[in-house]
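The values are calculated or read from the model by the stated rules, or taken from the named source; none is laboratory data. All values reported here derive from a predicted model rather than from experimental measurement. Here the Cβ positions follow ideal geometry from the backbone for every residue, glycine too, while neighbour counts run over all protein chains shown. Ligands, DNA and RNA are excluded from the accessible area calculation, which covers all protein heavy atoms including side chains. Shrake-Rupley method; radii C 1.70, N 1.55, O 1.52, S 1.80 Å.
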Amino acid sequence: MIRPADYPPPAVDPFGAPTDPEPVEVDVAIVGAGPAGLAAAIRLGQLAPHLSVAVLEKGTAVGSHLLSGAVVRPGPLRELVGDFPSYGEVPGEAVYLLTQRRAVRVPTPPTMRNEGNVVVSLSQLGRWLAERAEAGGATVLPETAAVALLVDDERVVGVRTGDKGRGRDAEETARFEPGSDVRAKVTILAEGTAGHLTGAAVARFGLGGVNAQVWALGVKEVWRVARPLSRVIHTLGWPLRTAARWREFGGSFIYPLGEELVSLGLVVGLDYADAELSVHDLLQSLKLHPLVRELLDGGERVQWGAKTIPEGGFLSLPRRCSAPGLLLCGDAAGFVNVPALKGVHLAVETGRLAAEAAASGELESYDAALRSSWIWAELREVRNVRQAFGHGLWLGGALAGAMTLTRGRFPPRDRRNEPDAAQPVVTGAGRRAPAPDGKLTFDKLSSVFLSGNRTREDQPSHIRIASPVPRELGELWVRMCPAQVYEVGEEHPDGTVDVQVASSNCVQCGAITAKGGRLTPPEGGSGPEYTLT
Amino acid sequence: MKVAVCVKAVPSAATGAPLDPQTFRLDRSGDLALSEYDAHAVEEALRVRGDDGEVVVLSLGPERAGEALRKALAMGADRSVLIADAAFEGADLLATSAALAGALAREQAELVLFGQQSPEGNGACLWAAVAERLRLPVVSQVAELAVEEGAVRGKRQTELGYETLRAPLPAVVAVSDAINEPRYPSLKGIMGAKAKPQEVLSAADVGGARDSGTRVLALRPPPPRGERRRVENGSASDAAEAIVQFLVEKRLL
Amino acid sequence: MKTLVYLEQHGDAVTPASLGVLAKAQSLGGDVAALLAGSGVRALADRLGGVVFVADHALLEAPLPQPRVDVLERLVRDEGFEAVLFAQSVLASDVAAGLAARLDAGLNWDLVDAEVRGGALVGVRPALDDSVYVDVAWATTPALALFRAGAFDAGSGGGASEVREVPIALGERSTRVELVEQAVEESSGPSIQDADVIVAGGRGLGAPDRFELVEELARVLGGAVAATRAVVDAGWYPYAAQVGQTGKTVSPKLYVAIGVSGAVQHKVGMQGSGTVVAINKDPHAPIFEFADLAVVGDLHEIVPKLTELVRARRS
């Protein structure tokens, strides 16, 4: 039994003084072209078109690194941009409790009601929002990774972008292009889940919340289907274990994207106890369930992806989302309504509020605005739900139900949690994955291919882990990673093993950050190229 | 030196570009990016431009191709010219070369560069057709380019080996991907690209739209790979013989 | 249909690819003639059989396209050819495209086959990484066609040719390019991106020095050497040679995989290959699922023998 947190990765310190003699200067620098960052850019274009705004996006294009289900509460987005393209309102819904062979319909928990919500592909929505942001005057810069915060006298004065054209050993190749300083009066971090700079900023500026952040890993696929799916489906239970000691919190989602496509995925909390658990492989198993198999029969898998979701909720929010020169929003800060499985509307709203604070010149007003916004009440109400499921599916469900009914007044205390990496894991649970058949179920490398990943091989590894480590920890990482980045290598006389990192497979889901390592941004333009996720 | 680079905006690999079964054209509704082969040509143009020179990128494509051209501007090109007109949908070699020649005639560049091939074209040789229309000398597959007084010297790779050719300027040169490593645009380059002039021309500006000389009749699935064979349990010599046999049958030996 | 086949020669032989196109043209019927353009090529024309136009001139010695366009234009106009066929090569592609612009004649390239339907020529070409085949036609006369090298076998035909001299009148603007230097190379091997044949080595080789087996075989096949990600990661071979998802994507006519297990990552790098031969001692190696010829056995014994047999055939 081991705890990943006992083997921390080499320290990373993404801060620096401005040094570039020819920096790029903007009024507002936004890191991340996701719903939070783009909402901020759009709002700035509306409120203060005279301000220069740059949105830095590490993916090849906007949308390349955006992945979600997604069923979105449309209100905040409509308020910001009016009508936006989607796959329409949720046509109907069902929640099932699965066993290996059966599916029992259960009443939809109130937190999962989706009337009036719309189905979108977040990747597509991101691309559309980026066009709106640019129409409003923002400059969106894809293939640009922000790798450090520029700090001057304990004030954030911008970000440094990553170098390009370094080789495997960090040497400068013929194509070497050094990163630049982007000086900004206000830096808005909208990096998304497991944001590298956000995590470091929270530590440096003492912004940590009541609880540590915890994550779930979501692995999803997009299928072209032979028959349209007419409702939004969620499942609980199989293939996850329900007993408390396994800590397998999660479930699956199956959403129709119009008539021809279906988005389906499995989300599992990363505090699980079984070191051999592989969310990727459990999703493959899920597809063999009669309920799911029938939906996919005659279809074809067209895209695959993986991304973590912050699940700490209200109690894991930073105690302040602002620091001198800096604002935090979206998933990077943990703004997700876990029981409702919704974060996009919160990303949009926090992005909007961050923009308003930036435009006003008074960054401290951001925290006040958050607290008086409906965001605060919404998240506070469900603040203990995730922790309840530490008691397993049944008791957890009952507790969660009670919490919902009382709108968060029960239980009165705030429930604490443990970081994912501090949870001990056990081996030998003996769960077997089905051998992939290449038509319905697939191996990890085939999946990575379908993420559109074309990461340049000859670059330094962007993943920080301790090495060597105990074999069980290496095996944990091997199973955990949906993209087969890790491989257990040579064993040392003391029983520890080297862990080989095939960093070009990485789809930057963030799971390693939750489980004892750290994901940092690779060269801009690396990673997946999602278009439908 | 004034250098014109003819480039093509092609579907970004990630989106994949299926052929539309109705029109038999590439379904280009996805993102367009600067063709990787053409990036080498842009890079070479930037290298030979010199301090007083100018690099113009030209392309024939839909209006959306403007974005892809911006990458060339971000790398350092000075201007872009896009020939965008519905009349050019599905343009073949004849129509494309005529349009590009029309646009190039307006530019009067000393050197016209092309990338080695179009990724979905396989062996396309636009440069030779354009050179013919412009009545300029042409050198292709150049892996090393040197500019001399009033001429260019190009070392090219062919199936047989290397040749060094010399052509007087103005000339058309197609560069192979071995010639250089295209630079990454700097952040300042990317941000500065938006301010650079991007001209859009219609068919009328380039002398009208030629009819295509070719037509697509039908799409069909490729012939099946043929039966798979397996050789097992024999001696190593038998196996080697079987392989040779197989290769001869397939006309690969 | 009156057809002209452009023949290319290297050294003192007409290229097999050109002869293949000639054989194909003859099989399509109609009036077929060939053109041989160069310097001192008259002798080559004698053995080809059929009508052979010869354009023999010092200015045609260098392998440059534009003078050849002049020759072809004159010949096509004078003789009224309705179709001109080429075997693809660096030179032939430039000639064909230049001629297309000169005559405003349609050009279809990368063809792997052709037929005559209702009196008109129809070509077949692969598209989208060979995942689909397209039937193509021409809207002009003449019709120009470039065929993939190696699409057709040279026929057994030959015999005495009827040789006709072509009058040479080269335009000034066609002769401005000058050949300064030429170096015919014993192939140190083509780059894996362009190679028609690729021999790839994987972990099954066992040790880095075993790559010699792969290199030898590649040499006798005239191909390039590639390596799988596993082997590159282990430092056995440079990643310039890596084929696989984020390495290079290749589409040779022949791909020989030696000791390669066939992980999907590698597979998608070589998916576009024409023919795949795999040698591996593990009968269940995934690569066997898409190999056209699966050879289960000890590569250390098979590959040297294979290399010998190929070498013997080639000499």
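Our coupling estimate for the stretch A:198-210, obtained by passing each phi through the Karplus curve with A = 6.51, B = -1.76, C = 1.60 and θ = phi - 60°, is 4, x, 5, 5, 4, 5, 5, 9, x, 9, x, x, 4 Hz, Gly and Pro reported as x.
Can you pull the Kirkwood radius for chain A, inverse mean 1/r over Cα pairs, to one decimal in Å?
Numbers: mean 1/r = 0.0432 Å⁻¹.
It works out to 23.1 Å.
Mark the label point 7 Å from the Cα of C:GLU162 along Cα→Cβ and return the residues of the stretch C:75-90 whose backbone N is within less than 20 Å of it. Counting backbone N atoms under 20 Å from the label point, the list is C:75-85. Taking amide H as placed 1.01 Å from N in the peptide plane, A:ALA148 has its amide H under 5 Å from the amide H of A:ARG160, each at least 5 places away in sequence or on another chain. Between C:HIS10 and C:ASP282, the FRET efficiency estimated from the beta carbon spacing at R0 = 41 angstrom works out to 0.45. Taken over the alpha carbons of the protein assembly as shown as equal point scatterers, the Debye sum produces base-10 log I(q)/I(0) values at 0.04, 0.06, 0.09 Å⁻¹ of -0.23, -0.52, -1.10. Ligands, DNA and RNA excluded, the heavy atoms of A:ILE2 present near 20 Å² of accessible surface to a 1.4 Å solvent probe.
Based on the Cβ-Cβ distance of B:GLN108 and B:ALA87, what FRET efficiency does E = 1/(1 + (r/R0)^6) give at R0 = 22 Å, to the nearest 0.05? Intermediate results must be reported in sequence, preceding the final value.
Values: r = 24 Å, r/R0 = 1.11.
It comes out at approximately 0.35.
Counting only Cβ charges, +1 for Lys and Arg and -1 for Asp and Glu, the dipole size of the protein assembly as shown around its Cα centre is about 3680 debye.
Between the amide H of C:VAL276 and those of C:TYR255, C:ASP292, C:LEU293, distances stay under 5 Å, these residues lying 5 or more places away or on another chain, with hydrogens modeled in the peptide plane.
What dipole magnitude, in Debye to the nearest 20, does chain B give about its Cα centre under +1 on Lys/Arg Cβ and -1 on Asp/Glu Cβ?
Values: 30 positive and 35 negative charges, 50 e Å.
Around 240 debye, computed over chain B.
Buried on complex formation within the stretch B:221-244 (loss of at least 40 square angstrom of accessible surface versus the isolated chain, 1.4 Å probe, ligands and nucleic acids ignored): B:PRO222, B:ARG225, B:ARG228, B:ARG229, B:ARG230, B:VAL231, B:ALA236, B:ALA240, B:ILE243, B:VAL244. Distance between Cα centroids, the stretch B:134-209 to the stretch C:27-57: provide it in whole Å. Between the Cα centres of the stretch B:134-209 and the stretch C:27-57 lies a distance of 35 Å.
Buried on complex formation within the stretch B:137-186 (loss of at least 40 square angstrom of accessible surface versus the isolated chain, 1.4 Å probe, ligands and nucleic acids ignored): B:PRO137, B:VAL138, B:GLU159, B:LEU160, B:TYR162, B:GLU163, B:THR164, B:LEU165, B:ARG166, B:GLU181, B:TYR184. Straight-line reach from A:LYS444: taking Cα to Cα under 17 Å and skipping same-chain neighbours fewer than 8 places apart, the lysines in range are A:LYS220, A:LYS287, A:LYS307, C:LYS267. With both labels modelled 7 Å from their Cα along Cα-to-Cβ, the A:GLU259 to C:ALA207 distance reads 6.4 nm.
Excluding ligands, DNA and RNA and using a 1.4 Å probe, chains B and C jointly bury around 6600 Å² of accessible surface, summed across both partners.
Considering only protein heavy atoms and a 1.4 Å probe, what is the carbon-and-sulfur percentage of the accessible area of the stretch C:2-175?
Details: 2940 of 6250 Å².
C and S atoms contribute 47 percent here.
Spacing of the modelled spin labels on B:ASP205 and B:GLU148, each 7 Å from Cα toward Cβ, amounts to 3.7 nm.
For chain C, the longest principal axis of the Cα atoms and the long axis of helix C:211-221 meet at an angle of about 20 degrees.
Hey, which of these cross-link pairs are over 32 Å Cα-Cα: A:LYS342/B:LYS194; C:LYS253/C:LYS281; B:LYS155/C:LYS24; B:LYS2/B:LYS194?
Numbers: A:LYS342/B:LYS194 36 Å; C:LYS253/C:LYS281 24 Å; B:LYS155/C:LYS24 34 Å; B:LYS2/B:LYS194 21 Å.
Cα-Cα > 32 Å for A:LYS342/B:LYS194; B:LYS155/C:LYS24; rest within.
Once backbone amide H atoms are built at 1.01 Å from N, B:VAL200 has B:LEU82 as its partners under 5 Å, excluding neighbours fewer than 5 places away on the same chain.
Pairs of Cα atoms nearer than 8 Å and 6+ residues apart set the relative contact order; for chain C it is 14 percent. Applying 0.36 nm per residue to the separation of C:GLU301 and C:ALA234 and subtracting their alpha-carbon distance, the gain on full extension is 21.8 nm. Our summary gives chain A a relative contact order of 23 percent, counting only alpha carbon pairs under 8 angstrom and 6 or more residues apart. The residues of the stretch A:171-186 listed by number as losing at least 50 Å² of accessible area in the complex, against the isolated chain and with a 1.4 Å probe, are A:ARG175, A:GLU177. Only the Cβ atoms of Lys and Arg (+1) and of Asp and Glu (-1) were treated as charged; on that basis the dipole of the stretch C:2-175 about its Cα centre amounts to roughly 140 debye.
Can you give me the angle between helix C:65-79 and the longest principal axis of chain C, using Cα atoms only, in degrees from 0 to 90, rounded to the nearest 10? With both axes taken from Cα atoms, the answer is about 50 degrees. Between A:ALA212 and C:GLU172, the modelled labels are 8.3 nm apart [label points 7 Å from Cα along Cα→Cβ]. The Cβ shell under 14 Å around A:SER526 holds other residues with a net charge of -1, Lys and Arg each +1, Asp and Glu each -1. Taking the helices alone, chain C has a mean residue ellipticity at 222 nm of -8000 deg cm²/dmol, built from -39,500 (n - 2.57) per DSSP H run of at least 4 residues and averaged over all its residues. Centre-to-centre separation between the Cα atoms of the stretch A:240-267 and those of the stretch C:194-214: 43 Å.
Each Lys or Arg adds one and each Asp or Glu takes one away; over the other residues whose Cβ falls under 14 Å from the Cβ of B:ARG153, this sums to -3.
Over all other residues within a Cβ to Cβ distance under 12 Å of A:SER316, the charged ones net out to 0, with Lys and Arg as +1 and Asp and Glu as -1. Taking every protein chain into account, the accessible area of the protein assembly as shown amounts to 38 square angstrom per residue (probe 1.4 Å). Phi-derived couplings, Karplus 6.51 cos²θ - 1.76 cosθ + 1.60 at θ = phi - 60°, listed residue by residue for the stretch A:93-100: 8, 8, 10, 10, 9, 9, 10, 4 Hz, with x used for Gly and Pro. Per-residue mean of foreign Cβ neighbours for C:102-115 is 4 (Cβ atoms of other chains, 10 Å radius).
Over all distinct Cα-Cα pairs of chain B, the Kirkwood formula returns a hydrodynamic radius of 20.0 Å.
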